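The values are calculated or read from the model by the stated rules, or taken from the named source; none is laboratory data. Note that the structure is predicted; figures quoted are calculated from it, not measured. Positions of Cβ are generated from backbone atoms using ideal geometry, with glycine treated the same way; all protein chains shown enter the neighbour counts. In case anyone asks, the SASA skips ligands and DNA or RNA and just uses the protein heavy atoms, side chains included. Shrake-Rupley method; radii C 1.70, N 1.55, O 1.52, S 1.80 Å.
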Amino acid sequence: EEGRREVQVTASVSLEKVTCTFAARGGDGHYTAVRDVDLAIADGEFVSVVGPTGCGKSTLLNVAAGLLRPSSGHVRIHGEPLAGINRRAGYMFQAEALMPWRSALENVTAGLEFRGEGREAARAKGEDWLARVGLAGFGDRYPHQLSGGMRKRVSLAQMLILDPQILLMDEPFSALDVQTRQLMENELLELWSADRKSVIFITHDLEEAISLSDRVVVLSAGPATRPIGEYVIDLPRPRDVSEIRLSPRFIELHDRIWHAMKDEVLKGYQQTRNRTTA
């Protein structure tokens with residue numbers, strides 16, 4: 001059933017009354033991106049955050065990563081206040097983040113090397129992770145020699161090899177074609193189910209959010225974005241993201257959540273149009 005899901009144990013990630021205000025463009029006044037946001041992610045829970053373009057989804061992810069300090073409110077990781085970068089989290093960006101001068105294997109092992117792990121041990125782990133994401137034998141290829149989907153697999157391995165407790169993912173598959181995207185979504189679910197991490201997954205695609213998640217959080221249009229609804233996704237696991245979208249329960253959930261967010265998407269679209277025509 002839809003509604004707020006109470007977290008009885010200490011949350012992996014907890015945002016408490018988080019507000020982020022920035023100086024407006026040109027230095028004239030201030031812009032509040034998000035206001036008084038409460039969001040808790042339980043240990044091992046997969047939560048997607050959806051909302052209109054420009055509503056502050058990535059802002060909240062950057063707060064959880066420790067890349068952005070909120071203007072007010074608190075961020076707690078496993079109950080402890082977050083100070084600086086969130087060392088328990090791995091971050092997967094929307095944009096390409098691979099180093100073009102390093103091979104796939106060297107990209108995957110970069111984080112281990114920065115931690116000071118020995119070259120041979122890092123290489124063995126890197127080859128194992130490339131195999132896990134379906135890229136065994138591609139370790140010597142450079143990013144420009146890989147397809148978009150293959151580069152995303154390298155990025156996924158690059159994040160997971162560090163064994164983070166929390167995965168922060170900012171529209172990681174949005175640039176892929178539909179078929180490759182669904183393959184990557186299933187790949188992510190398979191890897192996640194083997195060793196369940198806490199996931200905050202940012203997306204503008206409601207179908208993707210429902211297919212992947214335990215819970216979907218809907219944000220209002222900006223400025224001063226806030227959560228306007230939370231929906232428990234009670235679809236059975238394991239899931240195939242293409243098959244699950246044909247189920248009656250998926251369609252019911254999609255209709256219910258889209259009804260809640262449709263007006264906010266239209267507001268966000270109109271605000272974007274007003275900015276581009278101003």
- Summing -39500 (n - 2.57) over the DSSP H runs of n ≥ 4 in the chain and dividing by its residue number, what mean residue ellipticity at 222 nm do you reach, to the nearest 500 deg cm²/dmol? -12000 deg cm²/dmol
- Query: At a probe radius of 1.4 Å, what is the per-residue accessible area of H259, in Å² to the nearest 10?
  - Reply: 140
- Message: With +1 assigned to the C-beta of every Lys and Arg and -1 to the C-beta of every Asp and Glu, and no other charges, what is the dipole magnitude of the chain about the Cα centre in debye, to the nearest 20?
- Response: 700
- Item | Cα lying deepest toward the dipole's positive end in segment 1-123, options A65, S103, Y91, charges on Cβ | S103
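Can you tell me the length gained on complete extension of the stretch I228 to R69, counting 0.36 nm per residue apart and subtracting the Cα distance? Don't jump to the answer; show the numbers that get you there.
Values: separation 159, 0.36 × 159 = 57.24 nm, distance 2.29 nm.
Answer, rounded to one decimal: 54.9 nm.
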- Query: Using a basic spin-label model with each label point 7 Å from the Cα along Cα→Cβ, how many nm lie between F22 and D38?
  - Reply: 2.7
- Residue span T180 to E120: 0.36 nm per residue of separation minus Cα-Cα distance leaves a gain in nm of 18.4 nm
- Out of F46, F22, G116 - ranked by how far each Cα lies towards the positive end of the dipole of the chain, with unit charges on the beta-carbon of charged residues - the top one is F22
- Query: Mind checking the angle between helix 178-194 and the chain's longest principal axis? C-alpha axes, 0 to 90 degrees, to the nearest 10.
  - Reply: 80
- Given the candidates P236, H78, P223, the one whose Cα lies deepest towards the positive end of the charge dipole of the chain, counting +1 at each Lys or Arg C-beta and -1 at each Asp or Glu C-beta, is P223
- Message: Could you give the length gained by full extension between H30 and E252, i.e. 0.36 nm per residue of separation minus their alpha carbon distance, to one decimal place?
- Response: 75.9 nm
- Message: At 1.4 Å probe radius, can you tell me the per residue accessible area of segment 93-250 in Å²?
- Response: 44
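Could you sort E120, E106, E127, E208 by accessible area so the largest value comes first, with the probe set to 1.4 Å?
Sorted descending by solvent-accessible area, the residues read E120, E127, E106, E208.
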- lysines near K57 by alpha-carbon distance under 18 Å, same-chain residues fewer than 8 away left out - which ones? K17, K262, K267
- Message: In whole percent, and with a 1.4 Å probe on the protein chains, what portion of the accessible area of the chain is carbon and sulfur?
- Response: 50
- Message: Given an 8 Å cut-off on Cα distances and at least 6 residues of separation, report the relative contact order of the chain as a percent.
- Response: 27
- Compute the separation of the alpha-carbon centres of segment 136-200 and segment 58-86 and state it in Å as a whole number. 24
- Query: Under a 5 Å amide H to amide H cut-off, with H placed in plane at 1.01 Å, what residues pair with L68 once short-range neighbours are removed?
  - Reply: V63
- Cα-based helix-to-principal-axis angle, 104-114 vs the chain, degrees rounded to 10: 80
- Query: Counting other Cβ atoms within 10 Å, which trypsin sites (Lys or Arg not before Pro) in segment 36-114 have at most 12 and lie in a DSSP loop?
  - Reply: R87
